[in-house]
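Structure first, commentary second.
Quick note: the coordinates plus some simple rules give every number you see, no bench work behind them. Just so it is clear, the model here is predicted, and its values are computed rather than measured. Positions of Cβ are generated from backbone atoms using ideal geometry, with glycine treated the same way; all protein chains shown enter the neighbour counts.
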Amino acid sequence: MQHDLIVIGSGPAGSAAACVAAGAGLRVALIDKSAFPRDKLCGGGVTGRSMRYLDEVFGLAPEPDLFLASTRFRLHFEGRRIGGQDPAPPLYMTMRNAFDSALHARATAAGAEVIAPAKITAIDTETPSVTLADGRTLRAPVVIGADGANSLVARALYGRPFDPAQIGFGLEVELIRDAVPDMLSDDTTEIDLGAANWGYGWAFPKPDTITLGVGGVHMRNPDLKAHFGRYLHRHAPRLAESGAIRCKGAFLPFGAYRRQPGQGQVLLAGDAAGLVDPITGEGIAWAIRSGAFAGQAAFEALDAGTPARAMPAYRARLHYIHREMDAARRIRALLYARPVRPLFPRTIERHPGMSRGYLRLLAGELDYADLGPKVLLKLARRLGGAMFARTT
């Protein structure tokens with residue numbers, strides 16, 4: 001079977017790539033291991049930045065049947081409130097099974113040929129081609145791997161999908177609202193920066209459920225299950241003590257992105273390329289953006305008759321995202337440094353603008369590039385001042 005482009009994975013990144021490329025007239029094969037709808041571990045927070053990209057790529061608006069708009073925000077540290085805002089810039093909460101299905105449907109409507117559920121048995125990154133368990137082999141001049149943190153495409157390229165020293169891990173549970181009637185009854189979004197090391201906990205309201213989770217850099221959280229247990233106990237002690245709750249876990253590419261997003265005519269997008277914000281953990285925006293970039297780069301290269309040009313065209317588009325993530329990694333190293341961590345909550349309490357800035361980053365109203373060196377120097381001085389006050 002011959003196509004112009006093969007996209008592996010139909011989450012936000014893959015669906016965006018397929019939607020853009022098929023909409024431009026390419027013959028696109030969209031392969032996924034699951035039929036839709038399907039579940040995925042994710043808090044389901046969709047930022048203002050994500051909503052802009054959803055509109056640009058998919059023509060999708062914040063429809064009430066798909067999104068709950070949360071306009072209350074509170075920031076905690078180990079269960080203690082240290083900041084917040086009400087009203088706050090809206091954060092849109094969605095269930096990933098419905099959300100991903102909506103994006104997948106738009107890629108299908110754009111003309112992508114869906115092959116799902118399908119098991120991939122081999123990926124030839126040189127040809128390139130993809131062999132399926134049913135014996136079919138699909139070939140195309142360009143392949144886009146958008147198949148998540150455990151990417152088969154990244155494994156075929158590099159021997160492993162991620163660096164175990166840099167990957168993140170998350171645990172999450174979906175709670176029925178009736179079981180926790182007092183929790184987030186006002187549709188407040190909560191982030192707890194002390195729920196994990198080099199990570200955070202989240203409580204996100206949905207129409208009928210509450211998504212509760214904890215995630216952080218895997219190597220720095222060997223006892224993440226204990227962190228999650230404490231966070232769950234703060235919010236739903238009866239359920240935590242009953243032992244009846246089963247959480248789900250998944251690896252999260254928590255800011256450990258690949259500077260070379262693929263090889264040759266095989267591109268990586270979204271989580272497969274490690275494009276997740278190192279501080280907020282938000283990955284949907286960069287997944288959609290990078291997927292669209294990959295689809296555009298593939299179309300331009302094939303339209304010019306030079307498939308090998310897809311990679312340099314894609315890398316050029318990713319430059320801003322990579323620069324943002326580099327800035328976020330530097331800030332994260334400052335915020336989570338061991339001497340600073342005990343002082344962090346008090347510093348935020350004394351400077352409410354810090355929590356408002358964090359929310360603006362989370363909501364997509366502010367980019368890391370907007371902060372500039374002066375803001376970072378001010379942050380360092382505030383944390384340094386708190387450290388000096390403690391020692392004296």
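Structure notes:
- Candidates Tyr257, Tyr368, Tyr231: whichever shows maximal mean-square fluctuation once the chain is modelled as a Gaussian network with Cα springs under 10 Å: Tyr368
- Size descriptors for segment 54-151: radius of gyration and Dmax over Cα atoms are 20.1, 57 Å.
- Among the lysines of the chain, pairs that are 8 or more positions apart or on different chains and have alpha carbons within less than 22 Å of each other number 8.
- Using a Gaussian network model of the chain in which every pair of alpha carbons under 10 angstrom is joined by a spring, one finds that among Ala13, Ala369, Ala298 the greatest mean-square fluctuation is at Ala369.
- Expressed as a fraction of 2.2 N^0.38 Å, the C-alpha radius of gyration for segment 327-376 is 1.15.
- Each residue, Ile176 and Arg136, gets one label point 7 Å from its Cα in the Cβ direction; the gap between the two is 4.0 nm.
- Near Gly283, once Lys and Arg are set to +1 and Asp and Glu to -1 for all other residues with Cβ below 9 Å from its Cβ, the sum equals -3.
- Net +/- balance of residues flanking Lys33 in space, Cβ distance below 10 Å, scoring K and R +1, D and E -1: 0
- Derived scalar couplings between HN and Hα for segment 194-205 equal x, 6, 8, 7, 6, x, 6, x, 9, 10, 10, x Hz in order, rounded to whole Hz, by the Karplus curve 6.51 cos²θ - 1.76 cosθ + 1.60 (θ = phi - 60°), x for Gly and Pro.
- Hydrodynamic radius (Kirkwood) for the chain, which is based on Cα pairs only, to one decimal in Å: 21.5
- For segment 171-315, the alpha carbon convex hull comes to 120 Å³ per residue, rounded to a whole number.
- With the charge dipole of the chain set up from +1 on Lys and Arg Cβ and -1 on Asp and Glu Cβ about the Cα centre, the Cα lying farthest toward the positive end among the listed residues Gly79, Gly111, Gly274 is that of Gly79.
- Whole-Å semi-axes of segment 5-75's equivalent ellipsoid (Cα gyration tensor): 27, 16, 10
- Considering only Asp100, Asp86, Asp277, the mean-square fluctuation computed in a Gaussian network model of the chain, springs between alpha carbons under 10 angstrom, is largest for Asp86.
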